[in-house]
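Quick note: the coordinates plus some simple rules give every number you see, no bench work behind them. All values reported here derive from a predicted model rather than from experimental measurement. Counting neighbours? That spans all protein chains shown, and the Cβs are built from the backbone with ideal geometry, glycine included.
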Amino acid sequence: MSELRKISRREFMKRTGHAGGGLVFALTFASACQPDEMAVGPAAKATASVAPNVYVNIRNDGIVEIYCHRSEMGQGIRTSLPQVIADELEADWDKIEVIQAIGHEKYGDQNTDGSTSIRNHFDLLRNAGATARDMMIAAAAEMWAVPADECVARGHAVHHEGSGKSAGYGELVETADGMPQPESATFKAREDYRYIGKPMDTIDGLAFTTGRAMYGTDTVLPNMLYASIERCPAFGGTVTSFDDAAARAVAGVVDVIRMPEPTSPPLFNIQGGIAVLGSNTWSSTEGRKALEIEWDRGVNAEHESKAYREGLVASASAPGTTVLARGDADTETHSQFEAVYYTPYLAQAPMEPPAATAVVNDDGSCEVWASTQDPQTARATVAATLGIDKEQVTMNVTLLGGGFGRKSKPDFIAEAAWLARETGRPVKVAWSREDDIRHGYFHSVSAQYYRAGMDADGTTQSWLQRSSFPSIFSTFAPDVNGPSGFELDLGLLDAPWNVPNMRIETCEAKAHLRIGWLRSVCNVFHAFGSCSFVDELAHAKGKDPKEHLLEMIGPARNIDPADADAKYTNYGHELAKHPVATGRLSAVAEKVADMAEWGRELPDGHGLGIAAHRSFLSYVATVAEVSVDEQGKLIVHELWIAIDAGTVVNPDRVHSQLEGAGIFGMSLALHGELTTKNGAVVEGNFDSYPMVRMSEAPAEIHTHIMESDAPPGGVGEPGVPPVAPAIVNAYFAASGKRLRELPLRNAGLT
């Protein structure tokens, strides 16, 4: 008789991926460049190695180990970063092993956020590969007693053209050991790239597909406890009293512990509550359900999203603080047009909720395994939580099942470390979906006011924009009461519009939740407001929306927001290297319109909408085709997205990121909304906070990468902002009805 038993998803994937019969996945992945723990087949045992820098280690078996110092969350960075190093190193792709770096300052910035991995590290990693290459050349020159400039690296080896001698990198390790480490080297010419700019299969694809990939939630240690934490429904609230008798009576429950009280400001600290620890997930979860807790909901107990929305709109509709002024935005014009836009709170909602496992050793040191986007901040937070030096904290980075900004905030990691010390055993903290959606760091709610003044011929002469939203900085400092700092860069100070009289203002907004960043941050609501308003102006003037968008962008020029009253930081880069170039924005708008065949005859009830936005040093334009069915439901048929991201390392990953941005942006436009009642977030899972389903997804998302030799821009985030306004503008074209508030499901369209 056949054995009938339950198996896990992971075991199922492993079995089907290697079975001799039954279900077989018809996918192939190159075995080259597998991560060390996923390498295929036997390998020679290396006995020596040389490390030209912290990113490269060359073994005497010929294998080059490349340390990936950024976090992999589906964007393919564990493939793209090695591409850069391997190209300059002249290494063969099938002789590369990728090792995930621990959190440590020696690697430089490790915060995988803000679309910085390529644009901030392109030259740094080119230098890592180039200096390693030159070290191999120097070793060969010494071994052969010839000048180094007579030697050349090619094909994972060094060659002396005059004598015909060659030596593989592994053969040169012994000679290179102890030689000076070069600090800089000449980069290859662009036309000589082997890997940069070429599509490459993700090295983790096989592990993803067969269930071998290890995420934060997969960590298991001997004698480990599983923790489930009940937190106050309202942000900042505290425990008044609790009864844990019923919880302790649940089979498998080992302990119930009161967590440290929340701090003000919250930072990335533990936010209080009661932790139930069990020998398995079921025990801790069921024990948590049995807790009886009385809460003091604190100063945010009265927070109600509906009333807060009214306050935000009122704030944005009144004069605020001027952060940019050109000309006189109050100048008299032939006509004026105004509108107010609103977007709600949002959650990052990665498919894998936050998870971390920690153990505190007898000497007080701590080791952590976590799905973290920012291992150095996590390391520092754990050290502060435990009152130890950060050098006593080892931060192991697992794969992330999505991040979108949530996992750069290590509060969940601090919880695991603190509980591990309190219990004297390894502890895993795995947030539930409800925990993540109700107790995270939320993307800010926003209200925006726009007013445009026009001449008799329809030329826009004045532009007034006000933005009101609770600031991210409220999470880190007291008494922050509205937009500030880098938030002003994200679609405000860098407004591309060719309008002679412009004023931009910020308006007060007090935070009542932990405010954090989500994919593309404030660009999400600023692009929605400004690109929708520009479309409204087009229809008010009786102009084609695409032609009007290009007219509003104006002639190719570089905008200098430095004359703003607030400092413009340009995503941390010099304007001379990364100017705000309106010509590049116009070019992607023209391209995406061509891709969508803008102006073609559409079926009845269909409409096209267009939007374009610069963010994270890249330029993206989107066209959406939508229709409204007989029941009044919105259908998104196709999306077209064009990006100018400067120099691109892996086009395949860029196309994937744009496709993902299309779905992510659709989810925000159609469904994304968190509401609050009595200080608590109401929504808790995908039934009440839905994502776009397969049945709603477009038939196709068409993507295009503009050819460019400009320095790299961001990729992961810039695709999101234009999606919502393109859909809303298309809906107006299809229906004649203008919507100024997200999500569209509130208008009964989904």
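Here are the numbers for this structure:
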{"quantity": "Burial ordering of HIS526, HIS606, fewest other beta-carbon atoms within 10 Å first", "calculated": "HIS606, HIS526"}
{"quantity": "Range of Cα positions in region 560-679 per principal axis (Å), largest first", "calculated": "52, 50, 31"}
{"quantity": "Phi to ³J(HN,Hα) by Karplus 6.51 cos²θ - 1.76 cosθ + 1.60 over region 450-459, Hz, x for Gly, Pro", "calculated": "10, 9, 10, x, 10, 6, 4, 7, x, 6"}
{"quantity": "Residues TRP431, TRP93 arranged by fewest to most Cβ contacts within 10 Å", "calculated": "TRP93, TRP431"}
{"quantity": "Spatially proximal lysines relative to LYS677 (Cα-Cα < 17 Å; intrachain offsets below 8 disregarded)", "calculated": "LYS306, LYS510"}
{"quantity": "Sum of side-chain charges, ILE137 neighbourhood, beta-carbon under 11 Å (Lys, Arg +1; Asp, Glu -1)", "calculated": "-3"}
{"quantity": "Net charge over other residues, Cβ less than 14 angstrom from the Cβ of PRO260 (K, R count +1; D, E count -1)", "calculated": "-1"}
{"quantity": "Antiparallel DSSP beta bridges within the chain, percent to nearest 5", "calculated": "75 percent"}
{"quantity": "Cleavage-rule hits (chymotrypsin sites (Phe, Trp or Tyr not before Pro)) in region 668-750: DSSP loop, at most 16 neighbouring Cβ within 10 angstrom", "calculated": "PHE686"}
{"quantity": "Relative contact order of region 278-387, defined on C-alpha pairs under 8 angstrom at six or more residues apart (%)", "calculated": "11 percent"}
{"quantity": "Projected-area mean, region 45-137, by convex hull of Cα positions, square nanometres", "calculated": "5.9 nm²"}
{"quantity": "Cα convex hull of the chain - mean projected area over all directions, nm²", "calculated": "37.1 nm²"}
{"quantity": "Sparse-neighbourhood loop sites, trypsin sites (Lys or Arg not before Pro) in region 44-85 - DSSP loop, at most 13 other Cβ within 10 angstrom", "calculated": "LYS45"}
{"quantity": "Beta bridge orientation in region 36-210: antiparallel %, DSSP, nearest 5", "calculated": "70 percent"}
{"quantity": "Qualifying GluC sites (Glu not before Pro) in region 592-695, DSSP loop, other Cβ atoms within 10 Å at most 14", "calculated": "GLU597, GLU601, GLU630"}
{"quantity": "Descending Cα extents along the principal axes, region 36-210, whole Å", "calculated": "47, 35, 31"}
{"quantity": "Helix-only CD estimate at 222 nm, as mean residue ellipticity for the chain, using -39500 (n - 2.57) per DSSP H run (n ≥ 4)", "calculated": "-7500 deg cm²/dmol"}
{"quantity": "Nearby lysines by direct alpha-carbon distance to LYS541 (threshold 30 angstrom, same-chain neighbours under 8 apart not counted)", "calculated": "LYS591, LYS633, LYS737"}
{"quantity": "THR186, THR423 arranged by Cβ crowding within 10 Å, fewest neighbours leading", "calculated": "THR186, THR423"}
